[in-house]
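Student: Below you will find the structure I want to go over with you.
The values are calculated or read from the model by the stated rules, or taken from the named source; none is laboratory data. In this text the structure is predicted, and so the values were computed from the model without any measurement. In this analysis, Cβ positions are derived from the backbone assuming ideal geometry, glycine residues included, and neighbour counts consider all displayed protein chains. Remember, those area values only see protein heavy atoms, side chains included, never the ligands or the DNA or RNA. Shrake-Rupley method; radii C 1.70, N 1.55, O 1.52, S 1.80 Å.
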Amino acid sequence: GRSHAYGWQAEELVDKAREQFARLIHADAKDVIFTSGATESNNLAIKGIAYQYREKGNHIITCVTEHKSVLTTCARLEKEGFEVDYLPVDRQGYLDLERLKKTIKGTTILASFMSANNEIGHIHPIAQIAQILKSKGVLFHCDATQGIGKIPIDVQEMGIDALSFSAHKLHGPKGSGALYLRSQNPRVKIKPLMDGGGQEHALRPGTLNVSGIVGLGAACEIAHREMDWEVKRLYALRERLRVGICSQVDEATINGSMDDRLANNLNLSFAYVDADTLLSAVQEDVALSAGSSCTSASLEPSHVLKALGLPSDLAHGSIRFGLHRFNTEEEIDTVILCIVNAVKKLRSLSPLYIVKKEGIKIG
Ligand SMILES: *Cc1c(COP(=O)(O)O)cnc(C)c1O
C-alpha cells in the first residue's frame, strides 16, 4: 500500500535495496526482481524463459555441477518436453568451451551456468561463456549466488541476461533473494510462475518481504565496500588452512582446481576417512559441511564430486570449508588442530590405512 506514509517509507527502503544490489552487479535497478532466494530465482529465470520462448525452441544447456535448484528445474522441464544437455566438467571442474559451442543448435533457447560452484568454489569463465552464447542468440542465465561479493560481477560487461542471488550467502537474511533480468539488448522476457497483484512488474507478484529486502540491500552495500580487502584476507586464511592441514596429513587431496577458485573455499578428501565420521568427531569445535550440505543427509556422495570423477570412497571422505568475513586466524588454527587430530585418530582405527602404511598382511 502506498496510500499512507508507512507504505511510502517501505517503498523507499525497497528502492534503496534495489539500487544497492544493482550497484554490486552493475545493473540497472529497474531490472531487479526480489524473490525468496536463489532457488526461486533459478526456477523463475529458467522456467520463465523456457515457457516464454517455447515457440522458438525447446533446447536448454546447463552443467552437471550446477546447484540442485537448477538441475531439478531442468529435470522438470525435460518431463514437460524440453530437451536439456548437461555438460560434463573435467577432473578439476573446468567446462569445455568447444563442447559448449558444439552443443548449441537451432532450437537452443537458454543456457544456465553458475559463476562459482558452492562445493568446490570453481569459477567459470562467465564472460567467455556469455560471448559464445550471444554469438548464437542463446540467452544466458547465471546462478551467481556464490560469486557475488567474492568475485567482480558485471552483468553489462560480462553479458549476463539473467542472474540469481540469495542474500544469506553474503551475510544477509535467509529467505531473501533477487533475480536480475536484462531489459535492453536483448530484452529478456519471462512467463511468471505465479498469478497475483502487479508487484515486481507482475513477474513475481505478492507483497514484498520488506525486512528481508532491506537486509539483502545492506549486505550488498557492505560487500561492495569490503570486497577487495576481504577477498585478500579470506585468501590468506584459506591458504593458512590448506597448508596447515596438508602439511600434517598425508593423502589429503584437494577437490577442484586451486587456480580458478573462490578465495574462501577449500574442499578436501581424506583417504581412509569417512566425512560424516570426521564431522561428528569435530562437531563440538567446528561447524563444517560434508561435500555438499544438500546431499549430506543422504548416503549418496555429492553430485559435484562425482562429476569430477572422484572414486566414491574419496567423495564420501570430502569436507567443505567455507570461510567467511568474521573468521579469525585463531579459528583457522583451531580447525587445523581439530581436523589433523581427528584424521590421525580415525586412521589409527582404520584397518585399511594400517595395512597400507605398515604393510601388514591380513590372513
Ligand atoms: C545456496 C545456493 C542456492 C540456493 O539458495 P537458497 O537461498 O537456498 O534458495 C542456489 N545456488 C547456489 C550456487 C547456492 O550456493
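Student: How many residues does the range 15-64 hold that are more than 21 Å from Thr145 (Cβ to Cβ) and not polar (S, T, N, Q)?
Tutor: 10
Student: Still on this model: So Lys79 passes all but one of these: (1) without any contact (Cβ under 8 Å) to a residue 60 or more places away in the chain; (2) touching a Phe, Trp or Tyr at 6+ places or on another chain (Cβ under 8 Å). Which condition number does it fail?
Tutor: The failed condition is (2).
Student: Could you tell me how many of the residues in the range 172-198 are surrounded by 13 or more Cβ atoms within 10 Å (Cβ to Cβ) and either closer than 13 Å to Gly37 by Cα or in contact with a Gly (Cβ under 6 Å, 6 or more places away or on another chain) (or both)?
Tutor: Summing the residues that are surrounded by 13 or more Cβ atoms within 10 Å (Cβ to Cβ) and either closer than 13 Å to Gly37 by Cα or in contact with a Gly (Cβ under 6 Å, 6 or more places away or on another chain) (or both) in the range 172-198 gives 11.
Student: For Asp143, which of the numbered conditions (1) within 17 Å of the chain's Cα centre (by Cα); (2) away from the ligand (no atom under 16 Å from the Cβ); (3) of a type in the set (Asp, Glu) fails to hold?
Tutor: (2)
Student: Which residue pairs have Cβ atoms under 8 Å apart, sit 6 or more places apart or on different chains, and have a first residue in the range 1-27 that is on the phi > 0 side of the Ramachandran plot and a second that is open to solvent by 100 Å² or more (accessible area, probe 1.4 Å)?
Tutor: Pairs found: His26/Glu157.
Student: Scan the range 70-85 for residues that are among the hydroxyl-bearing types (Ser, Thr, Tyr) and more than 16 Å from the ligand (Cβ to nearest atom) and jot them down.
Tutor: none
Student: Provide a single number: the residues in the range 166-196 that are assigned to a loop (DSSP other than H, G, I, E, B), within 11 Å of the ligand (Cβ to nearest atom) and not charged (D, E, K, R).
Tutor: Counting residues in the range 166-196 that are assigned to a loop (DSSP other than H, G, I, E, B), within 11 Å of the ligand (Cβ to nearest atom) and not charged (D, E, K, R) gives 4.
Student: Which helices (runs of 4 or more DSSP H) does the range 215-332 wholly contain that include 1 or more residues that are open to solvent by 30 Å² or more (accessible area, probe 1.4 Å), modelled with pLDDT of 95 or more and in contact with a Phe, Trp or Tyr (Cβ under 6 Å, 6 or more places away or on another chain)?
Tutor: Values: elements: 275-282, 303-307, 312-316.
In the range 215-332, no matching helices (runs of 4 or more DSSP H) lie anywhere.
Student: Just give me the residues in the range 109-125 being within 13 Å of the ligand (Cβ to nearest atom), in contact with a helix residue (DSSP H, G or I) (Cβ under 7 Å, 6 or more places away or on another chain) and not charged (D, E, K, R), in sequence order.
Tutor: Start the filter on the range 109-125 by keeping residues that are within 13 Å of the ligand (Cβ to nearest atom), which leaves 112-124.
Checking the rest, the ones that are also in contact with a helix residue (DSSP H, G or I) (Cβ under 7 Å, 6 or more places away or on another chain) come to 112-113, 115, 117, 119-120.
Across the range 109-125, the qualifying residues are Ser112, Phe113, Ser115, Asn117, Ile120.
Student: Which condition breaks for Ile104 when tested against (1) in contact with a Lys or Arg (Cβ under 6 Å, 6 or more places away or on another chain); (2) within 16 Å of the ligand (Cβ to nearest atom); (3) over 21 Å from Ile25 (Cβ atoms)?
Tutor: Condition not satisfied by Ile104: (2).
Student: Examine the range 62-69 for a residue that is modelled with pLDDT of 95 or more, within 16 Å of the ligand (Cβ to nearest atom) and of a type in the set (Lys, Arg), and state whether such a residue exists.
Tutor: The answer is yes, given that some residue of the range 62-69 is modelled with pLDDT of 95 or more, within 16 Å of the ligand (Cβ to nearest atom) and of a type in the set (Lys, Arg).
Student: Starting from the range 255-277, keep only residues that are free of Cβ contacts under 8 Å to residues at least 12 places away in the same chain, then list their pairs with residues that are surrounded by fewer than 22 Cβ atoms within 10 Å (Cβ to Cβ) and part of a loop (DSSP other than H, G, I, E, B) whose Cβ atoms are within a distance under 7 Å, requiring at least 6 positions of separation or different chains.
Tutor: none
Student: Follow-up question, since we're still on this one. Quickly run through the range 25-37 and pick out the residues that are assigned to a helix (DSSP H, G or I) and either within 16 Å of the ligand (Cβ to nearest atom) or surrounded by 23 or more Cβ atoms within 10 Å (Cβ to Cβ) (or both).
Tutor: Ile25
Student: To continue, here is another question. Would you check if Lys345 is touching a helix residue (DSSP H, G or I) at 6+ places or on another chain (Cβ under 8 Å), among the basic types (Lys, Arg) and surrounded by 12 or more Cβ atoms within 10 Å (Cβ to Cβ)?
Tutor: Considered against the rule, which asks whether it is touching a helix residue (DSSP H, G or I) at 6+ places or on another chain (Cβ under 8 Å), among the basic types (Lys, Arg) and surrounded by 12 or more Cβ atoms within 10 Å (Cβ to Cβ), Lys345 comes out as yes.
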